[in-house]
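The values are calculated or read from the model by the stated rules, or taken from the named source; none is laboratory data. In this text the structure is predicted, and so the values were computed from the model without any measurement. Cβ placement follows ideal geometry from the backbone for every residue including glycine, while neighbour counts extend to all protein chains displayed. Accessible surface is based on the protein model in full, side chains and every heavy atom, while ligands, DNA and RNA are left aside. Shrake-Rupley method; radii C 1.70, N 1.55, O 1.52, S 1.80 Å.
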Amino acid sequence: MPAPTPADEGGTSGRASRPPLHIGIVACSAEGAALCYRTVCMEGASVLGPHDHPEVSMHTHALAEYVNCIDRNDWAGVGELMLSSSRKLAAAGADFLICPDNTIHQALPFFEARSPRPWLHIADVVATEAKARGFRRLGLTGTRWLVESEVYPEKLGARGLAYVRPSPDERAEVQRIIMDELVRGVFRPEAVASLQRVIGRLKDQGCDAVVLGCTEIPLVMNDANSPLPTLDSTRLLARAALRRAVEGGRPAA
């Protein structure tokens with residue numbers, strides 16, 4: 001169901017009699033988290049009225065703390081960092097949580113049962129969108145840690161969707177672009193060309209869409225410059241959070 005327009009809710013602000021739910025953002029890398037936050041705030045206006053959006057809180061540990069755990073293959077440690085952020089956001093009043101970082105979703109099973117608030121899973125959101133748009137075979141892009149994991153295969157498979165991983169060399173190149181450039185706010189034409197080649201090869205392998213499975217990739221790739229239609233994980237997650245916040249804040253019918 002699409003999110004309501006301001007006219008659906010009445011009044012000048014477009015808000016229902018009950019305010020939207022408070023969104024908690026468990027951030028990891030700054031650029032992706034910032035894009036997610038901006039999307040919630042800017043697109044909130046189309047739902048709630050000019051300048052309006054749900055309440056949003058965000059917390060992040062240093063990216064270095066996450067990378068140190070991942071380099072040790074310590075996903076339980078990644079989970080403890082996420083749980084720490086979750087508790088701080090719950091204390092700040094967040095009603096539910098999102099994480100605009102695909103890779104660290106691998107750690108959710110280590111702590112989700114202890115989480116003080118429920119989660120929207122980024123791969124669930126992307127898989128739901130892919131199914132709704134009629135895609136059947138998706139190319140996966142993202143960090144090497146993400147592409148080699150089961151984060152997306154599990155959610156795509158549950159919806160009968162096939163997937164293709166890039167080659168090991170391509171994974172290494174995309175990893176370099178993400179970790180050495182994109183997360184540092186460095187956006188080079190050469191990186192765009194490299195990502196276009198990777199996506200082009202996924203198209204050659206029969207993919208009909210590509211998952212932009214790093215929340216920074218949408219800063220340089222989109223439908224206009226990609227050889228395949230894109231599934232922008234960052235903005236899709238932000239929009240799903242916006243819908244949940246607005247619909248969850250409505251009084252019961």
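Can you pull out the residues in region 211-229 that are more than 19 Å from Glu31 (Cβ to Cβ) and in contact with a Ser or Thr (Cβ under 6 Å, 6 or more places away or on another chain)? Residue satisfying the conditions is Asp223 alone.
May I ask you to verify whether Leu140 is touching a Lys or Arg at 6+ places or on another chain (Cβ under 9 Å) and either at pLDDT below 95 or open to solvent by less than 30 Å² (accessible area, probe 1.4 Å) (or both)? So Leu140 passes the test. The residue pairs whose first member lies in region 103-126 and is farther than 22 Å from Gly248 by Cα, whose second member is surrounded by fewer than 18 Cβ atoms within 10 Å (Cβ to Cβ) and of a type in the set (A, V, I, L, M), and whose beta carbons are closer than 6 Å, counting only pairs six or more residues apart or on different chains, are Phe110/Ala76.
Residues are listed down the side, and each one gets a yes or a no for (1) in contact with a Cys (Cβ under 8 Å, 6 or more places away or on another chain); (2) buried (at least 19 other Cβ atoms within 10 Å of the Cβ); (3) charged (D, E, K, R):
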position	(1), (2), (3)
Ile217	no, yes, no
Ala224	no, no, no
Thr234	yes, yes, no
Val246	no, yes, no
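Of the strands (runs of 3 or more DSSP E) that lie entirely inside region 150-253, those containing 1 or more residues that are among the aromatic types (Phe, Trp, Tyr) span 162-164.
Within region 158-197, track down each residue that is open to solvent by less than 50 Å² (accessible area, probe 1.4 Å) and closer than 16 Å to His121 by Cβ.
In the first step, residues of region 158-197 are kept if they are open to solvent by less than 50 Å² (accessible area, probe 1.4 Å); the result is 161-162, 164, 166-167, 170-171, 174-175, 177-179, 181-183, 185-186, 191-195.
If the condition is that a residue be open to solvent by less than 50 Å² (accessible area, probe 1.4 Å) and closer than 16 Å to His121 by Cβ, then Leu161 is the only one that fits.
Screening Thr128 against (1) touching a helix residue (DSSP H, G or I) at 6+ places or on another chain (Cβ under 6 Å); (2) open to solvent by 20 Å² or more (accessible area, probe 1.4 Å); (3) not in a strand (DSSP E or B) leaves a single unmet condition, (1). Taken as a whole, the condition of being in contact with a Ser or Thr (Cβ under 7 Å, 6 or more places away or on another chain), buried (at least 17 other Cβ atoms within 10 Å of the Cβ) and among the aliphatic types (A, V, I, L, M) does not apply to Leu21.
The requirement of being open to solvent by 30 Å² or more (accessible area, probe 1.4 Å) and either touching a Leu at 6+ places or on another chain (Cβ under 6 Å) or closer than 19 Å to Ser233 by Cβ (or both) is fulfilled somewhere in region 77-96, by at least one residue. The residues in region 48-71 that are open to solvent by 10 Å² or more (accessible area, probe 1.4 Å), in a helix (DSSP H, G or I), among the hydrophobic types (A, V, I, L, M, F, W, C) and more than 15 Å from His105 (Cα to Cα) can be counted, and the count is 1. When region 72-105 is filtered for residues that are among the aromatic types (Phe, Trp, Tyr) and in a strand (DSSP E or B), only Phe96 remains. Looking at region 106-116, which of its residues are assigned to a loop (DSSP other than H, G, I, E, B) and open to solvent by 30 Å² or more (accessible area, probe 1.4 Å)? Passing the criteria: only Pro116.
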